[in-house]
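Only one structure is covered here, and it is reproduced in the block below.
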Amino acid sequence: MNGIEVRNTSKDFGNVQALKDVSVHFEENKIYGLLGRNGAGKSTLLNVITGRIFANGGEVLVDGETALENDSSLQKIYMMSEKNYYPENMKIRDVFKWTREFYPDFDAAYAAKLAERFELNTDKKVKALSTGYSSILKLITALSTNAPYILLDEPVLGLDANHRDLFYKIVIEKFSENPCTIIISTHLIEEAAGVIDHVVIIKDGKIIRDESRDDLMSKGYMATGAASVVDGYIADKNVLGTDSLGGLKTSYILGTLNRNDVPAGIEISKMDLQRLFIQLTNA
């Protein structure tokens, strides 16, 4: 089976169980949103996939072959993480040159083009970069590798609004021209929602949602109205949470909406992905 398969994988750090029997399949040529609160296990999962840390149990397969200490499998994956692994005195253009030694399909011309779009001076040294431009360097490097599987852990850390907007545009452009699997792990959910095809939500080390963005979004809605009317309406519903203000109540509901079932006095509205995520992970 092609793609990245994580099978029954667990990881402990002392008394903390970061991953609990996790199974998930990241298919070819899709953009995934890997979502979770701080400490939910997102980075641990990505690090297990790339072999940066070893799981206590389970296995990871890349295009049907084990990833564990398998250079041919791991070379298909490029992971951008928050940590900087480049020598501080190395110039940006040399970062690109050396990356090509490990990823032969690295597109130096494309990297130079992206550096120009982001206004990244390739004569600068790594240590001279701000937090935002350090992220930009790592983003450009990741997207230029042409690896079949690109993992981006908090990719927009330190980026201003203009650069974040440019990043998402470039992701869409790249995916349209050269499809691959991109996994975006981020806290800025609403910004990323427009580029995500599929959502994987992890909570307390377990996968609680694994479905297309559109399917997930179709299942969540809000019901707002007088508290007594809302309470009657939600009695047989799967309620994720509620907010109250004075005599008004808003309930966050997971399920298929039946408009004929909605009584007078209740306003129905859709949840955006970020609000739905918040309710699912608070529930």
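Take the chain, mark every one of the chymotrypsin sites (Phe, Trp or Tyr not before Pro) that falls in a DSSP loop and has at most 16 other Cβ within 10 Å, then report the longest stretch left between them, sites excluded. Write down the numbers at each step before the final one.
Details: sites that count: 54, 85.
The longest such stretch corresponds to 86-283.
Pairs of Cα atoms under 8 Å, at least six residues apart: use those to get the relative contact order of the range 4-212, whole percent. List each step's numbers first, then the result.
Details: 391 pairs, mean separation 63.1, N = 209.
That works out to 30 percent.
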**OP:** Report the antiparallel proportion of the DSSP beta bridges in the chain as a percent, rounded to a multiple of 5.
**Re:** 70
Original post:
Which part of the range 192-233 falls in the paramagnetic zone of residue 282, meaning amide N under 16 Å from the point 7 Å along Cα-to-beta-carbon?
Top reply: 220-225
Original post:
By its C-alpha gyration tensor, with a ≥ b ≥ c as the square roots of the eigenvalues, how is the range 76-167 shaped: rounded for a/c under 1.5, else prolate for a/b larger than b/c, else oblate?
Top reply: rounded
**OP:** Report, to the nearest 10°, how far helix 131-144 tilts away from the longest principal axis of the Cα atoms in the chain, using its own Cα long axis and a range of 0 to 90°.
**Re:** 80
**OP:** Using only Cα atoms, find the angle between the long axis of helix 108-117 and the longest principal axis of the chain, and express it within 0 to 90 degrees, rounded to the nearest 10.
**Re:** 60
**OP:** With a ≥ b ≥ c taken as the square roots of the eigenvalues of the C-alpha gyration tensor of the range 218-282, please select rounded if a/c is under 1.5 and otherwise prolate if a/b is larger than b/c or oblate if it is not?
**Re:** oblate
Original post:
Given charges of +1 on the Cβ of Lys and Arg and -1 on the Cβ of Asp and Glu, with all other atoms neutral, how large is the dipole of the chain about its Cα centre, in debye to the nearest 20?
Top reply: 580
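So what is the 222 nm mean residue ellipticity for the chain from helices alone, if each DSSP H run of at least 4 adds -39500 (n - 2.57) and you divide by all residues, rounding to the nearest 500 deg cm²/dmol? Intermediate results must be reported in sequence, preceding the final value.
On the way: 10 runs with 90 residues, N = 283.
Result for the chain, helices only: -9000 deg cm²/dmol.
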Original post:
Applying the Karplus parametrisation 6.51 cos²θ - 1.76 cosθ + 1.60 with θ = phi - 60° to the phi angles of the range 180-193, what ³J(HN,Hα) value in whole Hz is obtained for each residue in order, glycine and proline being reported as x?
Top reply: 7, 9, 10, 10, 10, 9, 8, 8, 8, 5, 5, 5, 7, 4
Original post:
Between 114, 130, 102, whose Cα lies farthest towards the positive end of the dipole of the range 70-134 when Lys and Arg beta carbons carry +1 and Asp and Glu beta carbons carry -1, centred on the Cα centre?
Top reply: 130
Original post:
If the chain between residue 261 and residue 116 were fully stretched, how many nm would it gain, using 0.36 nm times the residue separation less the Cα-Cα distance?
Top reply: 46.7 nm
**OP:** Would you kindly state how much longer the chain becomes between residue 71 and residue 269 on full extension, computed as 0.36 nm times their sequence separation minus their alpha carbon distance, in nm to one decimal?
**Re:** 66.4 nm
Subject >> Exposed-site-free run, longest, the chain (rule: GluC sites (Glu not before Pro); DSSP loop; at most 15 other C-beta within 10 Å) >> reply: 120-283
Original post:
Once label points are set 7 Å from the Cα along Cα→Cβ at both residue 211 and residue 85, what is their separation, rounded to one decimal in nm?
Top reply: 3.6
**OP:** Would you look at the GNM of the chain, springs on alpha carbons closer than 10 Å, and say which of 46, 248, 240 moves the most?
**Re:** 248
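Filter the trypsin sites (Lys or Arg not before Pro) in the range 33-101 to those in DSSP coil with at most 14 other Cβ atoms within 10 Å of their Cβ, and list the result.
Values: sites: 37, 42, 52, 76, 83, 91, 93, 97, 100; in loops: 37, 52, 76, 83.
Here the trypsin sites (Lys or Arg not before Pro) that fit, given the DSSP loop and packing criteria, are 52, 83.
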Subject >> Matching label, Kirkwood radius over Cα pairs in Å computed from the structure shown, candidates (i) 19.8; (ii) 20.6; (iii) 21.1 >> reply: (ii)
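May I ask you to derive the FRET efficiency for residue 248 and residue 130 from their Cβ-Cβ distance with R0 = 41 Å, giving the value to the nearest 0.05? Please report the intermediate quantities before stating the final value.
Values: r = 45 Å, r/R0 = 1.09.
Approximately 0.35, to the nearest 0.05.
Please state the shape class of the range 8-98: rounded when a/c is under 1.5, otherwise prolate if a/b exceeds b/c and oblate if not, all from the C-alpha gyration tensor. Walk me through the numbers before you get to the answer.
Values: a/c = 1.81, a/b = 1.43, b/c = 1.27.
Prolate is the answer for the range 8-98, as a/c is 1.5 or above and a/b outweighs b/c.
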Original post:
Taking R0 as 30 Å, what's the FRET efficiency between residue 93 and residue 13 from their Cβ-Cβ distance, rounded to 0.05?
Top reply: 0.20
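Each reported figure results from applying straightforward, stated rules to the coordinates on display, with no laboratory input. Keep in mind that this is a model prediction, so the values were computed, not measured. Here the Cβ is made from the backbone with ideal geometry for all residues, glycine too, and neighbour counts use every protein chain on show.
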